[in-house]
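Accompanying notes for the structure given below.
The values are calculated or read from the model by the stated rules, or taken from the named source; none is laboratory data. Treat the numbers as computed from the prediction; the structure is a model and nothing was measured. Note that we place each Cβ from the backbone using ideal geometry, even for glycine, and neighbour counts take in every protein chain shown.
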Amino acid sequence: LGLALYTGSLCAVTSAAFLYHDYCVIGAGPSGLQAAYFLQQASRDYVVFERSHAPGSFFALYPRHRKLISINKQYTGKSNSEFNLRHDWNSLLSHDSRLLFRRYSRDFFPNADTMVRYLEDFASLLKLQVQYNTAIVHVTLERDRQAWNGHYFLLTDQDRQNYKCSSLLVATGTWVPNVVNFPGSEYVEGYETVSINPEDFAGQTVLILGRGNSAFETAENILGVTNFIHMVSRSRVRLSWATHYVGDLRAINNGLLDTYQLKSLDGLLEGDLEDLAIIKDKKGKLHITLRFYLDNRNTSAGIDSITLPQDELDNFATRAPYDRVIRCLGWKFDFSIYNSSLRMMPGKGNKKKYPQIKPSYESRGTRGLFVLGTASHSVDFRKSAGGFIHGFRYTTRAVHRLLENRHHGVPWPSTVYPITQLTNSIIKRVNEASGLYQMFSVLADIILLRENATAFEYLEEYPVGVLAELEVQTGRKAPNGLFVIIMEYGRNFSGADKDVFYYNRAVGEAQHAWQSNFLHPVIYYYKRLPTEREMRLRPPDWPLPRPDAVHHIVEDFLTDWTAPNAHILPLRRFLENCLSTDLRNFFAESCFLFAFTHQKLPPFCRQGYARMQGLVGSEGLRRHAVEAGLLEDYSLTDFLGDGPPDSHEGSQDQLLRDHAIPVHPLQHLVNAKDE
Amino acid sequence: MSTHKDRWVFSFSFLLFCASSIPTRGSARLLQELSPQEYFSSLQAGKASLAYFSHNVSPGAQPFLEQIENSAKALQDYGISVVKVNCPKEDVSRYCGKENAFRKAYLFRGNTLIREFPTDALFDVNSVVANILFALLFNEVKYVETLADLQNIENALKGRSNMVFAYVPATGTAEHRAVMEAAFAYGTVHQFVLTTEATLLKDTGSDESDVSSARLLFCHCQRATDLAQPCRRTAMGQTLTMLNIHRHLKLMGAPLVTEVAEDPEKVSTVHLQLGLPLVFILSQKETYEADRRTAEFVAWQLLGKAGVALLSRDLVDLNVLLRSNVALKTPDEGVPVKYLVLEDTDEVVTLVEDKNKVEQIQEDEEENEEDEDEKQDNNQDIQDDQVVEAVSRDKKRELPLEQILVLTEETFHSALSETARTVVLFYASWEAVSLAVLQSYTEVADHLKGTRGVLLSRVNCWDWPGVCTKENVTQFPTIKIYEKGERSVVYDGMWETEELTSFIMLSRVSCPLKLATIDEAEGYLRGEFPSELSSYHHTSLLGVFSTASSEAREAFEEAGNILSGRVTMGMYLEDDTLSLSRKYAVSPPALLLARSGGRSVEGIALSKQSTQDMVQMIRYELLDIFPEITVQNLPRYLQLGKPFLILFSDGDISQMESKEMLKLAKGRPQQAFVACWLNLKKTPVGRGVLKAYFATMPSLPVLIWVNLHAGGQVFKFPSGQAVTEMNILSWLEKLKAGLEIPSSTLSEEDWKPPLPAYDFLQMMEMAVPEVPLHTSHRRGDTPERHPPESPGGDTAVREEPSQEMMAEKVGSPGRDLRGTAPRLAAREKQGKRHSEL
């Protein structure tokens, strides 16, 4: 026993210096746990530090009114698990089907407590290595040539325990509340502490600072019992259904818009909070004034000596006094724990709440430091879903794949297919892939062509911002050109000031697909990998530089891109013209004819029929093909030797043209969604 | 088609060159307006000008003036200036004074009046140019009215120069203009003779009695020696246009027979440049004189249709058959020179004329294609994939899928473990090939109904992607046969009912099957054992091993795993193998092969072989010696990579042919070719093959040699000869020696996209030209380098607040903040209007 104690204490002593792990993850929220899952699956040496006693501490408190606004769709009419993830915004990725959020809640907008329970289960069922009650208070670097990145990360927790890691994954989210300082801001209550009991607001007049979902959620909660609510913010309201950005105001919280526009006393105002000042009168009422008036006065003087705007402008909007002022201004990343040598810099402009990172999610300041989860949203802020579970579960996987390649020589997973499967593999992915769908314009599938375009390699969900570094980042080679499959909204469709319900907003015809407005697949073709310079100089609002060719699959009301003529045929033509080959399917009989009359076979015959796997097809199908003029029935022709020998092919093509009946799309059905 | 175009470009640019080389001193304005004094003082000796006098434009003269003005450019090309002379009111001089002078145009050369034209003779540009050139070229173009006049001119020219004789139904027409324009260029070379008398045309022996169309004949009078005989004539076949006449005269001017002494591939003559073929008469020293006469004879026949060249084989090292006597070079680039063996000169002529005919047809087709090029935008959305189209035409029909169990992610594993053998079709319900295979699969299910121990099932990968990924399904469709929870076999045969059915049946029996007794082994060779297969025709393979030959046995067992489903393999390794080996005269290790249906058993000795070798050897042994080729079995023979000697027959082949061919095939055990036959009744697509090889259907049966893998040449066994082993062999010898001419050659073209795609990149650039899609975009605007971003995701919103913030900062602090207060109130009122989209 003594020996055990001794060794135990020895361990403790050495570990007091540092405990080493290849990977350290800070934060056991959704992205931290998601990263832990992938590290665990790859049997990597990792640990997750969580300052709370349980995972998901943010969700234990927020949202204050407990209603998550990420949808939890029970039914989609489909059994495809990948497709269903498109409409399940709360689940994390795992192999365990018990860990689907719909098994935890039947609510479309679930309660936040359910999320906490889910995260607890996720960590425990998957036996993730989480060290709770460990708040990392300081992070610094130790230079070492031997280290993966030329340095180790040294982490210190609240008990002065040190940890050493080769790679640091920051999954701390944005949890530091944004505050503004203006005269009288001491009278303002924060969202994090304000009462959520509507009765506390009965008969009160409330001013809310901020215009995000938390502000509207707060308003929604007390809308029915207050005298009226005013809401002030610098920017205009941004509705998520107009911007196609899930972080903007969601319809579920927008009751106040209704009451404002119907003149039911509530209202919205725009103004810079920095200019505000709040003065409390003797009755405890809060008056809005401007910092400008205070600057000229002796602040110690009483309320009566201070000019209020309404003294000069008697119709000043916020002249009525308020009972409460609530601050709902969102959160920012905690920069405080990083030593300056890590150069964790805030982003610029509206991204200042996030640390600066590259499109590969690696910190701009420190190699080997990756930012995951909400804190990594600067990559696609106000565009895609990278700040939310249903987006960052995929970007976290992408980071894991980058790390596997960089540190363990495990190249990006890929599948090699024969070229005949090119159209199919794209159609399959654009119809079911959830990562492409949620992380539109950010994650892209990459098709690397093999020599002579006889085969291709398919890579899923690569961060498109680092396309130029593809070969280094994935360990795959792209010498023969590539396709990039990505999803996009129409370029000028989304935006706070856009009318997204205008007549004829949807495109129905494949030939106008490039004008599609709703989310639709876009395929870029490059004869060679774009360079970093080309990536940098790409046109604004383009996720990628100018390709050698581009194809849009026309938007679809059902987001089902499997229509043979409207979706698959134009895609095939695009691929054929990029590869300069014929990607049609042929019945064995046609391949037989080609084998005897051409020295070369089309890919479908070459890779199928010639390898003894031709498509003979049933009698009925071949008859249909004959009726369509696409197959000649030689048993019927009384062969009279018409036409010169060389023109045979031509005549069959002729046949093809003559007999093919133009398919006129049913205009009214195609455009039904407009009416 | 491109060469065709090039050729016109060539001729046209030549003409332009001719035209522009004529000295012109036209001023910037084509129609000059001068006063009478200016006009007459500007006239230069030898320079022609067309003048029209007017006081002011009278309404009646307006259309006439327009035509004159339109003609100015054309006339300028011939050095003729066009002048409108504005007569002062008081002027009463010769041209300005008379009222009717205004109804006329005057042609001057220098200050000499050549001719005056009534304005109604100059009704359009053609008539202006034709009439004016006609007047100027009075000497170069003789106008004749009688046959005697024509003959006089002709006789006078004999031995001196050639004559161009043109008939136009009327003067002032486009044809007339074309003749005059040609005369302008060629008038000094040839004597031009023009007539409007149709009778003259008839007398020239032209068989066409249609007098409404203009004709042009080239009369070779320079060569004419006999004064009594009329000059040889070559009529121009095409319509009378400047280009055609130019082309015709160029051809007539070219030497009748060109003597060449270089590789025909490199030769280029006027004919080729003008898009006509060139015929080479291959000559030898010994026969040179005769060949030259032949060449000249042919050349006269082909004049205007093709060029003729005489090539001395002694001077050029030609790598062609010694027997070849004629070569044909077409103007199309990239088409190799064809060498032929022709019997008489008529054949040469027909060769060229047929070629022209073919070309004509092709040109027509090309023109059609051109028309269609324009329409192609509409064709792009028409399905041209036969499988996709067939499946979508069939989509309303409900397939009888009751026999096939639907598996899901949940039921997949339990279902597999419940049945001895589970066949699983992995497919995608949106994919055409999958659905086509699903149809055959239902037929298989029908065949196998009630077969115990076999479960047919399907997994729709569109519904259950997880299972498909786990089962490593990378292609749609995939069929796998699972043996109770354990290993699985991927079906790699034809997507077809019978082959799949047989595969499933054969794979029920373990492969190789261990045979315990000699009776079993014998029964196995007879196809009676195992009993479940007795109703299926199949080839049985029996490996006979002594206990010592474990290496070969292991290879055989592994080969069995690979070939499972394709063949039945048995294995016998009892001590009394000797009785089997003695019976079939083999020594173990050995294979015994019992072909389906046949009673014979072949013995094959096994030497040291790897599994791969053994698989390949067994596959080879399974092939027939003289098979009937079908759509289903062709790939097996294609894989041998050998030429095909194939007898096309309408129905069964006769016993005699079969016997002879079999003899031929058996004669050489390591054949360099695949001898086979094709039943057009059973494989009608064979007609398509023949149709591609021959212009006319050859009489059946027909024996064809086709080298599918190298060169793609197709040879036809002479129809006169009987199909006997000897005849075929000697014919093959000749083929080998290169003494036969291929009937056709298979196209070696790559398979290109059938139609273009929508060019969205171009459409985007057209629609939004200011969007700098090109990478040469200036740096400052890239999102990454954007200055600190103000709130707002897109440009429109981004700009709004920042501008206002700027404005606030610019103003004085006091006003600025005062301004903020009402802004709080005013913002809503101003509320930005939704921009109309």
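A few remarks follow.
- Checking each residue in segment B:511-521 for being in contact with a helix residue (DSSP H, G or I) (Cβ under 8 Å, 6 or more places away or on another chain) and either under 26 Å from B:Thr474 (Cβ atoms) or free of Cβ contacts under 8 Å to residues at least 24 places away in the same chain (or both) picks out only B:Cys511.
- Unique match (being facing chain B (nearest Cβ under 9 Å) and touching a Gly at 6+ places or on another chain (Cβ under 6 Å)) among A:Cys578, A:Cys591: A:Cys591
- Any hit, segment A:252-262, residues being within 28 Å of A:Asn492 (Cα to Cα), of a type in the set (Asp, Glu) and within 14 Å of chain B (Cβ to nearest Cβ): no
- Number of residues in segment B:643-660 that are in contact with a Leu (Cβ under 8 Å, 6 or more places away or on another chain) and outside any strand (DSSP E or B): the value is 5.
- Pick from segment A:471-490, criterion in contact with a Leu (Cβ under 8 Å, 6 or more places away or on another chain) and farther than 21 Å from A:Leu579 by Cα, ranking: surrounded by the fewest Cβ atoms within 10 Å (Cβ to Cβ): A:Glu471
- Filtered residues of segment B:699-721 (kept if within 9 Å of another protein chain (Cβ to nearest Cβ) and assigned to a loop (DSSP other than H, G, I, E, B)): B:Leu708, B:His709, B:Ala710, B:Gly711, B:Gly712
- Of all the listed residues (A:Val188, A:Val130, A:Val170, A:Val137), the sole one being among the hydrophobic types (A, V, I, L, M, F, W, C), touching a residue at least 60 places away in the same chain (Cβ under 8 Å) and surrounded by fewer than 17 Cβ atoms within 10 Å (Cβ to Cβ) is A:Val137.
- For segment A:524-547, the set of residues classified as within 9 Å of chain B (Cβ to nearest Cβ), in a loop (DSSP other than H, G, I, E, B), free of Cβ contacts under 8 Å to residues at least 60 places away in the same chain and not aromatic (Phe, Trp, Tyr) consists of A:Leu537, A:Arg538, A:Pro539, A:Pro540, A:Asp541, A:Pro545, A:Arg546, listed by residue number.
- Condition check for A:Ile426: surrounded by fewer than 22 Cβ atoms within 10 Å (Cβ to Cβ), on the phi < 0 side of the Ramachandran plot and touching a residue at least 24 places away in the same chain (Cβ under 8 Å): no
Rundown of residues vs (1) assigned to a loop (DSSP other than H, G, I, E, B); (2) surrounded by fewer than 19 Cβ atoms within 10 Å (Cβ to Cβ); (3) without any contact (Cβ under 8 Å) to a residue 24 or more places away in the chain, yes/no style:
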site	(1), (2), (3)
A:Asp311	no, yes, yes
A:Asp314	yes, yes, yes
A:Thr318	yes, no, no
A:Ile326	no, no, no
A:Leu329	yes, no, no
A:Thr366	yes, no, no
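- Pairing each residue of segment A:376-400 that is over 12 Å from A:Leu92 (Cβ atoms) with any residue that is part of a helix (DSSP H, G or I) and charged (D, E, K, R), provided the two are 6+ apart or on different chains, yields C-beta distances under 7 Å for A:Ser378/A:Lys351; A:Phe381/A:Lys351.
- The sole residue among A:Arg98, A:Arg102, A:Arg106, A:Arg117 that is touching a strand residue (DSSP E or B) at 6+ places or on another chain (Cβ under 9 Å), farther than 23 Å from A:Arg44 by Cβ and part of a helix (DSSP H, G or I) is A:Arg102.
- Scanning segment A:357-396 for residues that are of a type in the set (D, E, K, R) and away from every other protein chain (no Cβ under 14 Å) returns A:Glu362, A:Arg367, A:Arg393.
- Those residues of segment B:122-150 which are of a type in the set (Ser, Thr, Tyr) and either part of a loop (DSSP other than H, G, I, E, B) or surrounded by 17 or more Cβ atoms within 10 Å (Cβ to Cβ) (or both), in sequence order: B:Ser127, B:Thr146
- Condition met for A:Gly203 (part of a loop (DSSP other than H, G, I, E, B), exposed (fewer than 15 other Cβ atoms within 10 Å of the Cβ) and more than 37 Å from the chain's Cα centre (by Cα)): yes
- Selected residue (criterion: farthest from A:Lys78 (Cα to Cα)) from residues of segment B:393-412 that are modelled with pLDDT of 90 or more and not charged (D, E, K, R): B:Ile404
- B:Ala183 closer than 21 Å to B:Gln238 by Cβ and not in a helix (DSSP H, G or I): no
- Selection count, segment B:282-341, where residues are part of a loop (DSSP other than H, G, I, E, B) and in contact with a helix residue (DSSP H, G or I) (Cβ under 8 Å, 6 or more places away or on another chain): 9
- For B:Thr188: the one exception among (1) part of a loop (DSSP other than H, G, I, E, B); (2) among the polar types (S, T, N, Q); (3) at pLDDT 85 or above: (3)
- Scanning segment B:471-509 for residues that are over 46 Å from the mean Cα position of the chain (by Cα) and touching a residue at least 12 places away in the same chain (Cβ under 8 Å) yields B:Tyr482, B:Glu483, B:Lys484, B:Gly485, B:Arg508, B:Val509.
- In segment A:553-569, residue farthest from the other protein chains (Cβ to nearest Cβ) [restricted to those that are under 24 Å from A:Val626 (Cα atoms) and buried (at least 23 other Cβ atoms within 10 Å of the Cβ)]: A:His567
- Once segment A:502-523 is narrowed to residues that are more than 10 Å from every other protein chain (Cβ to nearest Cβ) and not β-branched (Val, Ile, Thr), the residue that is surrounded by the most Cβ atoms within 10 Å (Cβ to Cβ) is A:Pro521.
- Residue ID - farthest from B:Met661 (Cα to Cα), chosen from residues in segment B:725-756 that are more than 14 Å from every other protein chain (Cβ to nearest Cβ) and of a type in the set (S, T, N, Q): B:Ser730
- Of the residues making up segment A:70-82, not a single one is in contact (Cβ under 8 Å) with a residue 60 or more places away in the chain and of a type in the set (A, V, I, L, M).
- Test: residue in segment B:476-497 that is surrounded by fewer than 19 Cβ atoms within 10 Å (Cβ to Cβ) and facing chain A (nearest Cβ under 10 Å): yes
- Every residue from segment A:45-69 that is without any contact (Cβ under 8 Å) to a residue 40 or more places away in the chain and either within 23 Å of the chain's Cα centre (by Cα) or surrounded by 20 or more Cβ atoms within 10 Å (Cβ to Cβ) (or both): A:Ser57
- Some residue of segment A:346-356 being assigned to a helix (DSSP H, G or I), surrounded by 24 or more Cβ atoms within 10 Å (Cβ to Cβ) and more than 14 Å from chain B (Cβ to nearest Cβ): no
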